[in-house]
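The structure appears below as structure tokens.
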Amino acid sequence: MYNYYIENTYAAYPGSRLPSRFFDKLTEEINGYPAYVVKDSDKLVGFCFLNFYKNYSTFKETAVINCFLTYEVKGLGIGDYCLKKLEEDARQLDIKNINVMKIIKEGNAIFEA
């Protein structure tokens with residue numbers, strides 16, 4: 001799913017497809033922060049996570065939310081639910097600032113916060 005965003009949108013920053021081992025690295029990077037697999041019934045429709053903004057002590061109270069969803073769930077409120085859930089999680093972690101980028105474009109990225 002992340003590779004879809006790489007190839008078809010500007011919501012994911014790498015310029016080319018990533019091997020599956022990239023996701024192991026991503027999992028290590030977000031260690032200690034909340035992350036969720038998003039399902040609709042039994043079907044995987046996305047993933048979202050909270051992560052540090054920059055690895056500087058001056059940003060210790062700042063995080064970024066990332067949420068990647070399939071196009072077919074657009075308009076169902078799933079992205080909004082993910083955002084609210086991760087905002088709650090951030091409060092519990094004493095995060096005071098959250099960077100969010102929202103991209104909505106027909107046929108492309110639905111939501112990348």
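Sort out which residues of the range 47-73 are assigned to a strand (DSSP E or B) and polar (S, T, N, Q), and write them in order of number. Before you say what the answer is, go through the steps one by one.
We begin by selecting, within the range 47-73, every residue assigned to a strand (DSSP E or B); these are 47-52, 62-69.
Of everything in the range 47-73, those that are assigned to a strand (DSSP E or B) and polar (S, T, N, Q) turn out to be Asn51, Thr62, Asn66.
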Of all residues in the range 52-73, which are of a type outside the set (Gly, Ala, Ser), under 21 Å from Glu28 (Cα atoms) and open to solvent by 10 Å² or more (accessible area, probe 1.4 Å)? Phe52, Tyr53, Lys54, Asn55, Tyr56, Phe59, Lys60, Glu61, Thr62, Val64, Asn66
Only one of these is of a type in the set (A, V, I, L, M, F, W, C), touching a residue at least 24 places away in the same chain (Cβ under 8 Å), outside any strand (DSSP E or B) and within 21 Å of Thr27 (Cα to Cα): Leu86, Leu76, Leu44. Name it. Leu86
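From the list Leu86, Leu76, Leu50, Leu69, which one is at pLDDT 75 or above and in contact with a Cys (Cβ under 7 Å, 6 or more places away or on another chain)?
Working: Leu76 fails: in contact with a Cys (Cβ under 7 Å, 6 or more places away or on another chain); Leu50 fails: in contact with a Cys (Cβ under 7 Å, 6 or more places away or on another chain); Leu69 fails: in contact with a Cys (Cβ under 7 Å, 6 or more places away or on another chain).
None of the others qualify; the one that does is Leu86.
The values are calculated or read from the model by the stated rules, or taken from the named source; none is laboratory data. In this text the structure is predicted, and so the values were computed from the model without any measurement. Note that we place each Cβ from the backbone using ideal geometry, even for glycine, and neighbour counts take in every protein chain shown. When the accessible area is computed, the model is the full protein with side chains, heavy atoms only, and any ligands, DNA or RNA have been set aside. Shrake-Rupley method; radii C 1.70, N 1.55, O 1.52, S 1.80 Å.
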